[in-house]
Amino acid sequence: MPSPEMQTVIAQLEEEKQRTAGLPPPSWEEMRADYQQMGTFYPAAKEAVQTETNLADRYTRCFSPEESDPTRAVLYLHGGGYTMGGIVTHEAITSRLALAAGCTVYALDYRLAPEHPFPAAVEDAADAFRDLVARGLTASRIAVAGDSAGGGLSLACALALRDAGDAVPGCLVPISPWNDLIGDTGWAACDGAVDPMVTAESLHRMTADYMNGGDGRTPYASPLHAELKGLPSMLIQVGTAEILLTDATLLAEKAKEAGIDVTLDIEEGAPHVWHHFSPDVPESVAAINRAGAFIRKHTE
């Protein structure tokens, strides 16, 4: 059963979902501003040291523990349906993941749609990984993690690297991953009442703006339709209160069939990317810590 803290958050999410039901959809500018404001409610961990850099000419915020292993790293790809989100919206996650993993987390500010449609985000992610390798890091000691669209993007990044003949990451950590942009696998027909945050309507809108007329089943856009052989070990985290639950469970099944070492971590009653609510919600803290432990194991 979800903790009292988790139940409070879920109630707040459901209230907001009901409040906006039936209203005209806001513009991306309005949604981006709202998401940015939400990020200020859950700031970065004070213990994490923050620096800045550019990876492949994209602004990147770096979060590190005071005693960081310089030979390991995490490339983090934020969620937001490829249309919103950024550094501030996810710093509660990225800063605490750095502490849990014991190394620097590079939070990449990749290009967003509709201004920069597919495959801009995939190109930015793969080029950022290559930049980390060019700086002297070994590919197998770099993890790629991300949530929601960023979870799908973490897989697309690894697929692009594999297909280009580059070394793949040491491991992948897709959190509440959006792996099927069309929704054929389940979310398009899912009972929306199960999810206090995400709606099928919003996902369809994001798909349209990200794909810009392209085929949403393209493997780099929807990794659930890709051949996964050759990808590294992965930890997939997902909550049962998500319409994207099947995106995670079917990914785990397909990855196992491809001979990949997969850990499927399902949180009972958790909403989409519940990691956002750290440190206020104990399940959020625990999930980030599990992700950090997985990254340590597979990059050391």
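Only the coordinates and a few stated rules stand behind these numbers; no lab work does. This is a predicted model, so every value here is computed, not measured.
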Original post:
Among all the aspartates and glutamates, which ones have a C-alpha under 14 Å from Lys254's C-alpha, if same-chain residues fewer than 8 places away are not counted?
Top reply: Asp180, Glu227
Original post:
Roughly speaking, what is the centre-to-centre gap between region 49-68 and region 204-225 when only Cα atoms are used, to the nearest Å?
Top reply: 30 Å
Original post:
lysines within cross-link reach of Lys17: Cα-Cα under 29 Å, excluding same-chain residues under 8 positions apart?
Top reply: none
Subject >> Entry for Rg and Dmax of the Cα atoms in Å (calculated from the structure that is shown) out of [x] 22.5, 70; [y] 18.7, 57; [z] 17.4, 52 >> reply: [z]
Subject >> Residues of type lysines that Lys46 reaches as a straight line, Cα spacing below 27 Å, ignoring anything fewer than 8 places off in the same chain >> reply: Lys297
Original post:
Top mean-square fluctuation among Glu47, Glu242, Glu267, Gaussian network model of the chain, C-alpha springs under 10 Å?
Top reply: Glu47
